[in-house]
Each structure stands twice: as C-alpha cells, then as structure tokens.
Amino acid sequence: MRIILTMRPRKNPFIPIEAEGIVPSILMTGAEITVWEGNRERRLDEVFEVAVEGEAATVEEVEVVLRGDTSRLKRVGEYMDGGRITVEGDIGMHCGNFMKAGTIEVMGNADGWFARELCGGTVICRGDAGHYCASGYRGEKKGMTGGRVEVFGNAGDFAAEHLAGGEVVIHGNCGDMAGVEMHGGTLSIGGDCSRPCGNMTGGTCTVLGCAYGMIPTFQAKGETNGPDGKNISAFTGDIANRGKGSLLVRRYQYLK
Amino acid sequence: MSDLLIKNAFVIDPINRINGEIMDIAVRDGRIVEDVGQGAEVIDAGGHLTLPGGVDSHTHICGTKVNFGRYMSPEDMRAGREARRGVKHSISGYSVPTTYANSYRYAIMGYTTLLEGAMAPLEARHTHEEFSATPLQDVMANTLFDGNWGVMEAIRDGDIERAAAIVGWTLSAVKGFGIKLTNPGGTEAWGYGKDVTCIRDKVPHFEVSPAEIVEGMIRVCELLRLPHSVHLHCNNLGKPGNYACTVGTLNLAPDLNEKRQTLYATHVQFHSYGGSDWKTFCSKAEPVAYTVNNRPQIVIDMGQVMFGKTTTMTADGPMEFNLYRLHHDKWSNHDVELETGSGIIPVLYRRKNLVNSIMWSIGLELALLVKNPWQCMLTTDNPNGAPFVKYPEIIALLMSKKYRDAEFATVHPDTGSKVVLPALERELDWNEIAVMTRAGQAKALGITGIGKGHLGIGAEADIAVYPLKVDEIDPSTEYQRVIDGFAKTKWTVKRGRPVSRDGEILVHGENTTIWVDPKIRPERDISRDPRFVEMFNHWYSVRMSNYPVQDEYLRRNLRMETEAAI
C-alpha cells in the first residue's frame, strides 16, 4: 500500500502544521485524521492531496510518501510503530520522535529535534539535520534508547545529547556539544565537531575529523585502531562526572 | 450572593462534635447560617460524606522556590497536560505544576485553604503574585526567619522584645502569616560553608544556637499573639540518626498557649531516622511519637513519602547539597541575603530502594503511633514527599491495615527488619481522617475563629461532599473505594459557591489571602530603630522603603490584627 500525500499550495507557507497523525499504522486504517495549521484544525485532505494505491494487510506493507513543501510539517511519524515514511523534500521539527519501529527516510534536510527520544527503527536524512538531532528532551535524563539514526549531511548543535542506546551516525560535521551527557549507545561523526561528550558517563563516540574545544576532563588512553583502519586517539571520561565513556578522536584541539 | 442549601448531607464536623449526622447545611453570603428561604439553590448530597473544606497546613505551591523547581524541570511539564476549557485555564505539570493546576487539583480533592510552607520575606512579592493565580483556595504564607540576621543578633543579646519587634514588622511588611524556621541557624551556617549538627552548635559569626533560636522564637510568637505557633522544620533533615536531635528539639517547647500548640513540627517523617549511616538506617518513629504523645503542646505533620517522581524543595540549603552528593543530578542552591536560603533537587522515590521504603513506612508509623489525631496532620510536605494528589492513597493506607500489608509486600524485602509498621494494627476512622485533613489543621493554624475547618453557624461555607456512603463502605477492606472517593468530590463549595462538581471546575474563582498584622506600640516600631535601619541599609540590596509588599499585590485579603504584648 502506498499513500501519497502531496502538500497543496498554501497562502502562507510559514505557518507550521502539527501532523502527529501522519503515521503508517493510522493512515492504513483510513480513519479520518486532522492536523493543526497554526491554531486551525484541518482535515488531512484540506492540506494534502491524498492518493492511495493498493492495499495492505500489515503495517509493514505501508509506505507513506510526502511531497511538496513539507519543511514546516512537524511531528511526522511520532510514535511510529512500523511501515515506512519517505519524505521527498525537507521535513519540519520533531520528525520521528518516540518512534518504535519502521523506517523514515528524508531526501532533503530535517529541522530540529529530528528523531528525538527514538526507541527503535531507522531514521535516515540524506541532507542536513538541525539542532538536537537524535537527542533527549529538555530536562529529561534519558534521550534516545534504541534504533538507528543516519545523517548524510551535517548536524546542528547538541546532536545525540543524552544518548542512552542505539546508534547515531553523522557523516558530515556536527555543531557544538555533540554527545553531551551521553550514557550509552554509539555516536559516530564523520567530520568535525566542537566540545564533544561533556559529562559523558558511558557509550562510545568516534570523531573522524577534528574535535575543536576538546574538553580537558577526558583522560588520554593512547592510540588505537579506528573504524577506518587508521590510528585514532582514545580518551575516557568525562572524569569530572565519574564517567566511563569512550571518546575516540582523530585530531583534537584544546581551548586556548 | 445567592443562597445555597445542601440537603441530606452526612456530616462529620469534629470541631462541633458532629460525627455522622444527616443534616441540611444552609449558606448565605458565603457563610453558614441557620436557615435560608425557598429561593435558595439546592444541592442534594444524597447522604454522602460531607466535610468542612480541606486545609493543608504545610504545602509548597507558590513562590520563588516552587517556580525555580518548574524552571529547572521542564520535563515535569510533560505530565498532566490539559487544554483550556470553559472557565478553566490550560494546565500542565505533576510535582511542580502550574498554579492553576495546583488550584484545580486541590479543589477537586475538596481542599479550600492552603498554607504555603516557606516564603522568604525578601521574595514575598513572587509568592503573592502566584497566590493571585491560585483562585480556588484561600491562602497564607509562613514567613522564613531561620537565618534572619536581626533576629539572631537580638536573640544572642537576650532581647526577645527586640526580636519580636523585628518579626512583627517583617510579617506586616511582607503580608505573611506565621513564623517558619527551616533548619534554624543551619542555612546561615551553610553560608559560611558549614552546617549545624544539632541544636547546641553555634552559628558562625552570630554565636547563637538553634535551640536558642527555637526557644526565643516561641516566646516571640506568643508575645506577638500570632494565631499560628512557630512552624519548625528541625535541624538535620534526612540524616540517619537525626531522631535524637528531633526529640531534643521537641522537648524544648514549653506549654504557653491554651488555645493551640506552642510548636508545630513539620514533615517529621524526615526527622525520625535512626542508625548511624545509610547501611544501618532505620525507623525511630516510636520515640518521636512517644515524645509527641507526652507533650500536648506539640503538633506535627507527617511529611509522608509516596513512591514515584517528585521535586524536593526547601529553605534548608545544606540538606539539598547532601542530597545532591547522593544523586549527582540537577541541583539548585540559592541565598536570600540576610534572611535564609534554599535548595531544589528532583528525586525519584523507589519501592526497590531500602531507604525509600523505610521512609515510606516512617510517615505512616507516625500517624498511627501518635494517639491524638489533633496532634498529627496528614501531609506529604507537597511536593517533597510526594505531590498532594497522593493524599487519597495515604488516607486509605491509614484506614486499612489490609492495604498497608498489600503495599508492604511490594517494598524492599529488608524493610521489615528496620520498621515497626507491620506490627501496627490501628485503623483510623472517618472522624480521625476529618481531623487530620481539615479540623486539626485549622485549629493548629489558629483559623477556626475566622470560620475555617468547621461547619458551625457563622463558619465560612467551605464544604466538600465526597461520593462516599460511610454506612455502605468498609474502609479496611474496600480501600480502593476510599481512594477514589477522596480523589474527586461530588461537590466542592468555596465561600458558598460550588467551584467543582465531579471533577469539573465550575468557576474562575477568587481567593482570599490571609495575613497577620501584629499591632506593636509605636515606640517599639523597628523601622524607626537606628541600629536596625543602619543594618538594613548597609547589607540589603533593597531600600527599606521598597521592602514592604504594596497593597496592590493582594486583591481580596483578610488582615488578622493581633494585639502584641510589646
């Protein structure tokens, strides 16, 4: 079953739309769902052209395709428990938060809080992700607990903050404070980042580029073999927080 | 205002010695009267349990401390979200919810009067601003004097009248209600990086001991003839072995007032610990309860701990630092100039944790071991032990041995060897619960005279009708019905107006702030005392003329003037 949602042209495309109902398991039932455009509640077909092809017996056979300007569409795939969502353009904030299973693939860029507090499933962004990608919620101790997030472009600040489980792979650069407060899981950064893993207590973070503003409370453990076969510097910490996390960086610079 | 008649009410009103009579209650202009005419609005209580509106004599719902709890725990606001509907504001939060959430939840449980447990005088404006957004309960604020420089100096010099003049002036200035001492001397010592280990240690620089502060303030309270007694949070909160210090403090209280107690010790559960460290930690509720039983001049409240997430907040800065060293989570510490301090930490009380299980047992033991219900109030020190929405469960625990046993089976297996709870057979009755949740609290606060905590003629028409038929329920076995009944009233009536029905809020409401204004002879007016003015101007960051809370901060308010003996 393929459900194609094409965004209708809007008078003011900047008004955010909250669409936590765009989840395969809800859409496959054909239930009438509504979304909020600003402070107005709208039927799904007022905002999207809806086209349904084929049928599905289980949620695994459902694919939802989002077309058009979806860059202000928030909370797509929230609590998703199976199936697939493909976003052909950009996606707005909070995409795939609390997701348990299934796949979300974003061909463009993702806005902030991408895959926040993920529990399972796979979330892929072919472009750049905003701040708080694969992070936890403000104030909460536990962030993402399982699943896999892959960003092919860059990610913003606080990527994988409070990471507790699962795998986060960012092929490009990260902003400030990547992997801060992480206590489990793995974070791999293909490019550069700054001040990684402050207050880390567990888990593994690998930085294949340069870690700027490296935090001094990590203890050097010598050189080891990196995932690409080349040498990489190993650290453990954050000892300021009695942490036993592992931080591997190819190059690093302390703050002057 | 229209008339109201509540018919067929099964009334329990301990102050007027009514224990389960079917009555009609007539209300005119917000007060209970003998009779009303034909045109009155009629509520049929249908024989359901009807009590005076609930009074919480120690809760933290408004002020800087509570607000900082909200500030540092954004995740708390993920719970309890409800959209705006009708007269209701949108609400959110669980342990430190929005002011409206506090107000609505208390109203739904039948509570109509609240005492904010700790208001720093300098930051009183914030408390009063939040009071005005707590519309369904009458409110008052105990004012912190535990580390007040002027008071400590006066007590050190043995000049109780001077201390009373300072306290009286401050209470009037900040529109406070009573004297609150939180870890007297300890928070000030903490300002010097120290703490006091018990009541005989001296506070650095001031050379005054907690015992002297407590004894002095009790005399100050009686000199000012305040309606409420000294409200004391003892030293050493939460430390193993602190019961000895607590008993020592309770023994300091003389019997000076025939109308009420002379010392109100709050959240005594946190002060009834035995052992010498966390491994030997055990309950010492028995010696504490024994002391209370032998000293009728003392009233305590439970400070019951219930399992789950909450936020601890207190003016006891050093104690919160010790908690921080245990949890290594978020911590906030705050110093209030010449007055006091505070600390905040979010906590999770777990059944599987031995210490938490013992704490849970101690609160219940205190309530069951104190023989006279007028001497032990039902509280959780909201939100320190648990959010107040847990009160119905505590009521059920106190009324049912079976429920206690069922709960006890789920706590840490070693708890049995550390506490006496399983051996306590006592089950409280409806009348005792009414005492511990309203009548006793109103009496302890000294507000029965203004019509709180009872349903006599002339009393304020604050009435709670619970969906409980006392004759048809056996609370010792049907505890779930007790919990459900106390969690949601059929009707809550505030000042003669129904404010909630079956869990629905009916009006926007407007509360009354109750404050105390001791009348002191002009020559004892401390604001004209050169030494005090000089100290004030030298150390405070505000001018003395800007210190008093302006009248605009209080909307509807009730000023209780007292004839001070100075």
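What to note about this one:
- Meets criteria (away from every other protein chain (no Cβ under 14 Å) and outside any helix (DSSP H, G or I)) for B:GLY93: no
- Odd one out for B:GLY275, checked against (1) more than 14 Å from every other protein chain (Cβ to nearest Cβ); (2) without any contact (Cβ under 8 Å) to a residue 40 or more places away in the chain; (3) surrounded by fewer than 18 Cβ atoms within 10 Å (Cβ to Cβ): (3)
- Whichever residue in the range B:52-64 is more than 17 Å from B:ALA101 (Cβ to Cβ) and out of contact with any Gly (no Cβ under 7 Å at 6 or more places or on another chain) and, among such residues, is surrounded by the most Cβ atoms within 10 Å (Cβ to Cβ): B:SER57
- Flag for B:LYS202 being in contact (Cβ under 8 Å) with a residue 60 or more places away in the chain and part of a loop (DSSP other than H, G, I, E, B): no
- From B:THR112, B:THR134, B:THR127, B:THR170, residue being in a strand (DSSP E or B), away from chain A (no Cβ under 14 Å) and of a type in the set (Ser, Thr, Tyr): B:THR112
- Residues satisfying the stated conditions in the range B:552-566, i.e. surrounded by fewer than 16 Cβ atoms within 10 Å (Cβ to Cβ) and either over 19 Å from B:ASP525 (Cβ atoms) or of a type in the set (Phe, Trp, Tyr) (or both): B:GLU552, B:ARG555, B:ARG556, B:LEU558
- Here A:GLU181 meets each of (1) away from chain B (no Cβ under 14 Å); (2) closer than 24 Å to A:GLY120 by Cβ; (3) acidic (Asp, Glu) with one exception, condition (1).
- Restricting the range B:35-80 to residues that are hydroxyl-bearing (Ser, Thr, Tyr) and part of a strand (DSSP E or B), the residue that is nearest to the other protein chains (Cβ to nearest Cβ): B:THR59
- Any chance B:GLY363 is surrounded by 22 or more Cβ atoms within 10 Å (Cβ to Cβ), in contact (Cβ under 8 Å) with a residue 40 or more places away in the chain and more than 15 Å from B:THR312 (Cα to Cα): yes
- Here the condition is being within 27 Å of B:GLU432 (Cβ to Cβ) and assigned to a strand (DSSP E or B); of B:ILE32, B:ILE15, it holds for B:ILE32 alone.
- Exactly one residue among A:GLY108, A:GLY83 is away from chain B (no Cβ under 14 Å) and on the phi > 0 side of the Ramachandran plot, and that residue is A:GLY83.
- Restricting the range B:512-549 to residues that are in contact with a Lys or Arg (Cβ under 8 Å, 6 or more places away or on another chain) and polar (S, T, N, Q), the residue that is farthest from B:ARG225 (Cα to Cα): B:ASN537
- The range B:532-551, residues that are surrounded by 12 or more Cβ atoms within 10 Å (Cβ to Cβ) and among the β-branched types (Val, Ile, Thr): B:VAL533, B:VAL549
- Scanning the range A:36-92 for residues that are surrounded by fewer than 16 Cβ atoms within 10 Å (Cβ to Cβ) and hydrophobic (A, V, I, L, M, F, W, C) turns up A:VAL50, A:ALA51, A:VAL52, A:ALA57.
- Here B:THR310 passes the criteria (1) surrounded by fewer than 19 Cβ atoms within 10 Å (Cβ to Cβ); (2) within 29 Å of B:VAL435 (Cα to Cα) except the one numbered (1).
- Close contacts from the range B:101-116, counting a first residue that is touching a residue at least 40 places away in the same chain (Cβ under 8 Å) and a second that is basic (Lys, Arg), with Cβ to Cβ under 7 Å and a gap of 6+ residues or different chains, come to B:TYR104/B:LYS88; B:ILE108/B:LYS488; B:THR112/B:LYS494; B:THR113/B:LYS452.
- Yes/no for A:ASN225 being assigned by TED's automatic domain parsing to the domain that holds A:GLY190, modelled with pLDDT under 95 and under 17 Å from A:GLY179 (Cβ atoms): no
- Leading residue by the ranking (nearest to the other protein chains (Cβ to nearest Cβ)) among those in the range A:135-157 that are touching a strand residue (DSSP E or B) at 6+ places or on another chain (Cβ under 9 Å) and of a type in the set (Asp, Glu): A:ASP157
- Hits in the range B:390-409 - residues which are out of contact with any helix residue (DSSP H, G or I) (no Cβ under 9 Å at 6 or more places or on another chain) and of a type outside the set (D, E, K, R): B:ALA409
- Filtered by the rule that a residue be more than 14 Å from chain A (Cβ to nearest Cβ) and buried (at least 17 other Cβ atoms within 10 Å of the Cβ), the range B:323-334 gives B:LEU323, B:HIS334.
- Filter pass, B:LYS309 being in a strand (DSSP E or B) and within 14 Å of chain A (Cβ to nearest Cβ): yes
- Failed criterion for A:ARG116 (all others in (1) farther than 12 Å from A:ILE22 by Cα; (2) charged (D, E, K, R); (3) surrounded by fewer than 24 Cβ atoms within 10 Å (Cβ to Cβ) hold): (3)
- Residue within the range A:9-18 that is surrounded by fewer than 22 Cβ atoms within 10 Å (Cβ to Cβ), among the hydrophobic types (A, V, I, L, M, F, W, C) and within 24 Å of A:TYR132 (Cα to Cα) present: yes
- Just one of (1) under 17 Å from the mean Cα position of the chain (by Cα); (2) free of Cβ contacts under 8 Å to residues at least 40 places away in the same chain fails for B:HIS89. It is (1).
- Test for B:LYS259: is it free of Cβ contacts under 8 Å to residues at least 24 places away in the same chain, in a loop (DSSP other than H, G, I, E, B) and surrounded by fewer than 20 Cβ atoms within 10 Å (Cβ to Cβ): no
- Of residues in the range A:221-255 being under 22 Å from A:THR201 (Cβ atoms), surrounded by 12 or more Cβ atoms within 10 Å (Cβ to Cβ) and basic (Lys, Arg), the one nearest to the chain's Cα centre (by Cα): A:LYS244
- Residues satisfying the stated conditions in the range B:265-306, i.e. more than 20 Å from the chain's Cα centre (by Cα) and assigned to a loop (DSSP other than H, G, I, E, B): B:GLY275, B:SER276, B:ASP277, B:TRP278, B:LYS279, B:THR280, B:PHE281, B:LYS284, B:ARG295
- Residue match in the range B:472-486 (condition: on the phi < 0 side of the Ramachandran plot, assigned to a loop (DSSP other than H, G, I, E, B), buried (at least 19 other Cβ atoms within 10 Å of the Cβ) and of a type in the set (Val, Ile, Thr)): no
- Any hit, the range B:335-352, residues being away from chain A (no Cβ under 14 Å), at pLDDT below 95, outside any strand (DSSP E or B) and surrounded by 22 or more Cβ atoms within 10 Å (Cβ to Cβ): yes
The values are calculated or read from the model by the stated rules, or taken from the named source; none is laboratory data. Just so you know, these numbers come straight off a predicted model, no measurement behind them. Virtual Cβ from ideal backbone geometry, glycine too; neighbours counted across all protein chains shown.
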